[in-house]
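**Q** My questions will all concern the structure given below.
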Amino acid sequence: MNKVIGLFAGSLRKESFSRKIAKAVAAMAPAGFEFKIISLGDLPLYNQDFDDENQVPESYTIFRNEVKVIDGAIFITPEYNRSVPAVLKNALDVGSRPYGKSVWDGKPGAVFSNSPGSISGFGANHHLRQSLVFLNVPVMQQPEVYLTKVDELFDEQRNIQKEEIREFLQKAVDAFIVWFNKNSSQ
Ligand SMILES: Cc1cc2nc3c(=O)[nH]c(=O)nc-3n(C[C@H](O)[C@H](O)[C@H](O)COP(=O)(O)O)c2cc1C
């Protein structure tokens with residue numbers, strides 16, 4: 001059976017570069033793997049009362065069940081104010097609770113950050129890693145993926161038009177598969 005890797009893009013914007021990168025990455029899965037884009041847009045802001053008072057929104061249940069059955073995760077994050085956009089942090093929080101039932105636990109991960117600017121989402125990349133350490137997600141260390149000038153990356157058909165970036169992303173995906181095979185407990 002194929003191993004399933006969830007792709008999480010940290011933006012809800014229609015023309016989001018992160019979502020376009022996720023779509024490009026989805027096509028890079030090697031044999032034996034399926035890359036599945038998992039949507040974050042329906043999740044209300046996390047409120048612990050939902051869990052404590054047994055009033056869990058249906059969208060939380062759907063999301064938690066989707067993440068429970070994936071084998072690994074690639075996070076494709078833009079940067080908001082030098083950190084992780086709230087929509088992605090919220091998804092991490094939703095999946096991490098109720099206490100002791102985190103759906104992220106032990107799943108190998110990778111962080112690909114991006115920006116139209118020159119710092120490439122470095123701040124978001126490392127803030128995200130901080131949360132993933134706590135969530136017991138072993139995060140790929142090399143190669144680090146910082147994509148710059150993403151506003152110039154796509155052609156009008158939303159395909160990556162810079163071949164060297166496409167090749168770099170494929171190398172990062174290949175390295176992630178090696179990382180996954182070393183760190184996956186199943
Ligand atoms: C609230 C907000 C904060 C932002 N902060 C940063 C930032 O700290 N660093 C950065 O490189 N770009 C920043 N940007 C610009 C984003 O990189 C840019 O909007 C990008 O297109 C967002 O990702 P997306 O294309 O996936 O939606 C910010 C944008 C918004 C809306």
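**Q** Over the range 3-183, calculate the relative contact order: mean separation of alpha carbon pairs under 8 Å at least 6 apart, over the residue count, as a percent.
**A** 22
**Q** Let me ask another. Among Ala24, Ala73, Ala91, which one shows the biggest mean-square fluctuation in a GNM of the chain, springs joining Cα atoms closer than 10 Å?
**A** Answer for the Gaussian network model of the chain: Ala24.
**Q** Could you work out [θ]222 nm for the chain from helices alone, using -39500 (n - 2.57) per DSSP H run of at least four and dividing by all its residues? Round to the nearest 500 deg cm²/dmol.
**A** -12000 deg cm²/dmol
**Q** Check which residues have an amide H placed less than 5 Å from Phe112's amide H, if you skip close sequence neighbours.
**A** Phe75, Ile76, Thr77
**Q** May I pose another question? Taking R0 as 30 Å, what's the FRET efficiency between Asp174 and Asp49 from their Cβ-Cβ distance, rounded to 0.05?
**A** Values: r = 44 Å, r/R0 = 1.45.
After rounding, the FRET efficiency stands at 0.10.
**Q** Which lysines have a Cα less than 29 Å from the Cα of Lys14, not counting those fewer than 8 places away in the same chain?
**A** Lys14 reaches Lys3, Lys23, Lys36, Lys68, Lys89, Lys107, Lys149, Lys162, Lys171.
**Q** Order of 51-62, 142-153, 120-131 by packing, highest average Cβ count within 10 Å first?
**A** Numbers: 51-62: 12.0, 142-153: 16.8, 120-131: 20.3.
Packing proxy ranking, top to bottom: 120-131, 142-153, 51-62.
**Q** While we're looking at this one, here's another question. Along the three principal axes, how long is the chain when you take its alpha carbons, biggest first, rounded to the nearest angstrom?
**A** Answer, in whole Å and largest first: 51, 35, 28 Å.
Bear in mind these aren't lab numbers, they're just calculated from the coordinates by the rules spelled out. Not measured: the values here are computed from a predicted model. Using ideal geometry, Cβ is built from the backbone for each residue, glycine included, and neighbour counts are taken over all protein chains shown.
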